Each structure stands twice: as C-alpha cells, then as structure tokens.
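Enquirer: A single structure is presented below for examination.
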Amino acid sequence: SQTIHQWPATLVQPVGSPLSLECTVEGTSNPNLYWYRQAAGRGLQLLFYSVGIGQISSEVPQNLSASRPQDRQFILSSKKLLLSDSGFYLCAWSPAVWGSNQPQHFGDGTRLSIL
Amino acid sequence: SQKIEQNSEALNIQEGKTATLTCNYTNYSPAYLQWYRQDPGRGPVFLLLIRENEKEKRKERLKVTFDTTLKQSLFHITASQPADSATYLCALPDSWGKFQFGAGTQVVVTP
C-alpha cells in the first residue's frame, strides 16, 4: 500500500533562518506531488506541484521554493523565512493521471512557527 | 475568479441526528467534486467523489448530492456519532486539473 511521510511534525524557526521540509512517498511510482499551506480557519493554498523529477510549477509568488530530486521525494525550502511563512504545511500525492478524478493523499503536515 | 464557499460557523449537532454541510461554488463547471475529512493537526483524508452526472452518492452513513444547476453540493452524515467530529472540506478541480479546496466546516457531535 502507498504511504506518505512528512517531517518534521513541528518546527520553530527564527525570522531570516533557512527552511527545509521533506516529504517522501512509498508504494507508488511517478506520483503527482503537491505542497499546500493551510492558515488557521482557511482553506488549503496550493504552493507547488510536480508531475515528475525536476518539474516544479509554482502557484503563488513567495520566498519559498520546491525541488524534486527523486521520483518520490519532494522538498520545500526557503533561504530566509518571514513571519508570514508561519502555518501548517501539507504534502500530498495523487496518481499520475493529470486532470483525472483521483483523490489526493495527504501527509500529516508540519506546523511551522516563525519567531 | 473561481470561488468555493463552505459555512465557516461550526455545526453543533446531537448524536444520532443528521448533519448537513453545504459547498457552494462560482465560476466553475467541475466534472466532479470531492469531500475530505480533516482532524485537528492531521492532513485531510479523502471520503467521497461525486461526478456531475451523479445526483447522489453514498458511503456507509455518508451521502453527497451534486446540483450543477445550483452550483452546490450537500454532504450529509446520518446517525452522527461523536467520532464524526472533524472539519469537512470540499474540493473542486480547476481548468488545469489542480484542486481548489474550501475552507471547511467544523462538525461537533455531542453525546
């Protein structure tokens, strides 16, 4: 069966520090991968998605970036965190049939607090 | 622009009753719609998908309807239980196949 792992579960970082959040998927090949941010009481905001190794699409301009160095690994990074980067970050995957009705499968998220 | 609206107020309901949640959308013509459940501090979990040509879909105590004329989906939890307490999100695909999620409605089922 497929599983998705996301870490760390919580993270407290000072303003201006770098960031690296990692997500890995097991049990499937060539998945579509997604990074979302969820602010309190708000919906999921899609940040990045990837349909293959090295292929990253950005949805919103920001000081975050994403990379996909391996088929089932998705990394969210920042060189310098801002206070506004605080939030709940979720990684998700879906089968590689773009535009299909396949559900997305989410990790358990990282709660990021910027001080 | 495309917009999804879910009731932001929590729905408090007594155990055994039916909870009904609403998902309204504008500027969409989705071929399908999905519902997810999210528990505090966890990622959303997929529950149900309903296609535009399906009026109703059921899964155990869950029922979803989809009215493309009203641009609305209703999500029902029948015989609700305290374990059903969670936030429920609807999601629609945009023109490029990516998903837009509603903000979710929190359901609180009291014994």
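Enquirer: Can you pull out the residues in the stretch A:53-99 that are under 19 Å from residue A:26 (Cα atoms), in a loop (DSSP other than H, G, I, E, B), small (Gly, Ala, Ser) and within 14 Å of chain B (Cβ to nearest Cβ)?
Expert: A:96
Enquirer: Given the options B:99, B:75, name the one that is modelled with pLDDT under 95, in contact with a strand residue (DSSP E or B) (Cβ under 7 Å, 6 or more places away or on another chain), closer than 15 Å to residue B:45 by Cβ and buried (at least 16 other Cβ atoms within 10 Å of the Cβ).
Expert: B:99
Enquirer: Provide a single number: the residues in the stretch A:25-52 that are outside any strand (DSSP E or B) and either within 12 Å of another protein chain (Cβ to nearest Cβ) or closer than 22 Å to residue B:3 by Cβ (or both).
Expert: Final tally of qualifying residues: 5.
Enquirer: Now, a different point. Determine, yes or no, whether residue B:20 is touching a residue at least 40 places away in the same chain (Cβ under 8 Å), in a strand (DSSP E or B), polar (S, T, N, Q) and away from chain A (no Cβ under 14 Å).
Expert: yes
Enquirer: Considering only the stretch B:5-25, I want to know if a residue exists there that is touching a Leu at 6+ places or on another chain (Cβ under 8 Å), of a type in the set (Lys, Arg) and modelled with pLDDT of 95 or more.
Expert: The answer is no; no qualifying residue exists.
Enquirer: What about residue B:105, is it surrounded by 14 or more Cβ atoms within 10 Å (Cβ to Cβ), within 27 Å of residue A:108 (Cβ to Cβ), out of contact with any Asp or Glu (no Cβ under 6 Å at 6 or more places or on another chain) and within 10 Å of another protein chain (Cβ to nearest Cβ)?
Expert: Taking the combined requirement at face value, the residue does not satisfy it.
Enquirer: Could you list, in sequence order, the residues of the stretch A:74-104 that are surrounded by fewer than 21 Cβ atoms within 10 Å (Cβ to Cβ) and in contact with a Phe, Trp or Tyr (Cβ under 7 Å, 6 or more places away or on another chain)?
Expert: A:101, A:103, listed by residue number.
The values are calculated or read from the model by the stated rules, or taken from the named source; none is laboratory data. Note that the structure is predicted; figures quoted are calculated from it, not measured. We place every Cβ from the backbone using ideal geometry, glycine too, and count neighbours over all the protein chains shown.
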